[in-house]
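This report refers to the structure that appears directly beneath it.
The values are calculated or read from the model by the stated rules, or taken from the named source; none is laboratory data. Please read all numbers here as calculations on a predicted model, not as lab measurements. Neighbour counts run over all protein chains shown; Cβ positions are idealised from the backbone, glycine included.
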């Protein structure tokens, strides 16, 4: 990192910290002014903070425009255009997650799934920085795919199953890291609660792919961990009606 870039990083970081403090104490207008200084210092979004603030600005303008015009459908062209310019993978993932949420609000389920797919394509590999957060993003993806399964394509259903399997692999990597002493105390990813949650998503993905028996088996494994869990029992009952065990 050059001296100039280091100076820019420090300048935007200090302003970002100030903006957050101002917002936390209810001084939103002053916080917005400080954020504007970040955009002036880093107009191209070369820093992580600068890129994040730019994305927030685009989203804010989108929300403001829709509120002013009183329409119920978000016009997302500016956000789609902006996501192409983002260089940092973590900010681009956030942008695609935003797009997915907006498309879901617009009830364009296919576009929302496509946005979630684009988000997952940028997920850090197992063991890389941000890998744990990717687990929660993957859960969100599988949940949405299952919620909109009525018009889902076979390709999307198979992709959800790929993600569900990857989530299990990520958890196993976390468990291994814990066993080797490389995990913080109380790590959620290593707990049995997370295993049950991921088995639930595995069952959802398996059911979308027509693998009903495997889905029930996954739910039975989850129920061994969390007996009496209402969500698990409800899904098992739903799936069991479609298969002879």
*Please find, among 180, 224, 150, 237, the residue that is closer than 19 Å to residue 110 by Cβ, over 19 Å from the mean Cα position of the chain (by Cα) and surrounded by fewer than 16 Cβ atoms within 10 Å (Cβ to Cβ).*
150
*Answer yes if at least one residue in the range 30-46 is surrounded by 17 or more Cβ atoms within 10 Å (Cβ to Cβ), within 21 Å of residue 90 (Cβ to Cβ), touching a helix residue (DSSP H, G or I) at 6+ places or on another chain (Cβ under 8 Å) and in contact (Cβ under 8 Å) with a residue 40 or more places away in the chain, and no otherwise.*
yes
*Only one of these is in contact (Cβ under 8 Å) with a residue 60 or more places away in the chain, in a helix (DSSP H, G or I) and surrounded by 14 or more Cβ atoms within 10 Å (Cβ to Cβ): 49, 139. Name it.*
139
_Against the condition surrounded by fewer than 18 Cβ atoms within 10 Å (Cβ to Cβ) and in contact with a helix residue (DSSP H, G or I) (Cβ under 6 Å, 6 or more places away or on another chain), how does residue 76 come out, does it pass?_
no
*Within the range 95-110, can you find the residues that are touching a residue at least 12 places away in the same chain (Cβ under 8 Å) and either over 15 Å from residue 138 (Cβ atoms) or surrounded by fewer than 19 Cβ atoms within 10 Å (Cβ to Cβ) (or both)?*
95, 97, 98, 99, 102, 103, 104, 105, 106, 109, 110
*asked:* Would you confirm whether or not the range 187-210 contains a residue that is modelled with pLDDT of 95 or more, closer than 28 Å to residue 150 by Cα and not in a helix (DSSP H, G or I)?
replied: yes
*Would you be able to tell me the number of residues in the range 26-42 that are closer than 18 Å to residue 6 by Cβ and outside any helix (DSSP H, G or I)?*
1
*Which of (1) in a helix (DSSP H, G or I); (2) modelled with pLDDT under 95 does residue 81 not meet, given it meets every other one?*
(2)
*So is residue 55 at pLDDT 95 or above, closer than 22 Å to residue 90 by Cα and assigned to a helix (DSSP H, G or I) or not?*
yes
*Cβ-Cβ under 6 Å pairs, at least 6 apart or on other chains, the range 153-167 side within 13 Å of residue 143 (Cα to Cα), far side in a loop (DSSP other than H, G, I, E, B)*: 157/209; 161/209
